[in-house]
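The values are calculated or read from the model by the stated rules, or taken from the named source; none is laboratory data. Note that this is a predicted model, so its numbers are computed, not measured. A quick note on method: Cβ atoms are made from the backbone with ideal geometry, for glycine too, and the neighbour counts reach across all protein chains shown. Note: areas computed on protein heavy atoms with side chains; ligands, DNA, RNA excluded. Shrake-Rupley method; radii C 1.70, N 1.55, O 1.52, S 1.80 Å.
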Amino acid sequence: MNYAVILAGGRGVRFWPLSRYEEPKQLLKIFGDYSLLQHTFKRISKIVRPANIFVVTNRDYALPIYYQLKELGLKKENNIAEISPKNTAASIGLIASIIEEKDKDATLAIFPSDHFMRKEQVFHNALRKAFVLAKDGLMVIFGI
């Protein structure tokens with residue numbers, strides 16, 4: 001089964017003055033009525049079932065993230081709050097172990113929470129192909 005993981009632990013210090021610790025970049029509504037995080041979730045949920053989308057964040061952002069995403073289909077148990085934020089690799093290791101307990105044959109796609117894409121169909125086509133390649137044992141990396 002395909003799973004998506006959105007990394008949303010950023011503290012809002014790199015997009016100053018718009019973002020602050022209290023309102024990090026991923027929670028800002030920069031492009032329309034949805035936050036960057038909501039755009040990311042909506043974009044991914046067209047390929048991966050919302051029940052198979054996980055978000056990894058820190059304790060301070062767990063509730064605001066859940067409130068932003070629950071109406072889009074985020075399950076409460078899929079909103080993972082790290083007790084002590086470490087780094088990207090630790091976040092991916094944590095969520096990979098959680099998903100592996102649920103599904104030994106899982107295929108994971110990892111996404112930042114704060115990207116915006118205008119050509120979503122191009123992204124969707126690439127993601128579908130990436131899942132096929134990953135199921136064949138390859139690691140697929142998208143870059144900008």
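Things to note:
- Surface per residue (accessible, 1.4 Å probe) for the chain, Å²: 61 Å²
- For the range 62-144: rounded, prolate or oblate by the Cα gyration tensor [a/c cutoff 1.5]: oblate
- DSSP beta bridges confined to the chain are antiparallel in about 10 percent of cases.
- When the pairs LYS46/LYS119; LYS42/LYS76; LYS42/LYS86; LYS76/LYS119; LYS42/LYS75; LYS29/LYS70 are compared against a 20 Å limit on Cα-Cα distance, LYS42/LYS86; LYS76/LYS119 fall above it.
- Springs between Cα atoms under 10 Å define the GNM used for the chain, and in it the highest mean-square fluctuation of ILE30, ILE65, ILE95 occurs at ILE30.
- Prolate/oblate/rounded call for the range 1-128, Cα gyration tensor, a/c under 1.5 rounded: oblate
- Those chymotrypsin sites (Phe, Trp or Tyr not before Pro) in the range 38-144 that DSSP places in a loop and that have at most 15 other beta carbons within 10 Å: PHE116, PHE142
- Here the Karplus curve 6.51 cos²θ - 1.76 cosθ + 1.60, taken at θ = phi - 60°, turns the phi angles of the range 68-75 into couplings of 6, 10, 4, 6, 8, x, 5, 7 Hz, with x standing for Gly and Pro.
- Relative contact order, whole percent, for the chain stands at 31, derived from Cα pairs under 8 Å and 6 or more residues apart.
- Straight-line reach from LYS102: taking Cα to Cα under 15 Å and skipping same-chain neighbours fewer than 8 places apart, the aspartates and glutamates in range are GLU77.
- The portion of the accessible surface of the chain made up by carbon and sulfur, rounded to a whole percent, is 55 (1.4 Å probe; DNA, RNA and ligands excluded).
- Long-range amide H partners of VAL5 with built H, under 5 Å: PHE54, ALA109, ILE110, PHE111
- Among LYS102, LYS76, LYS42, residue whose mean-square fluctuation peaks in a GNM of the chain (springs only between Cα atoms under 10 Å): LYS102
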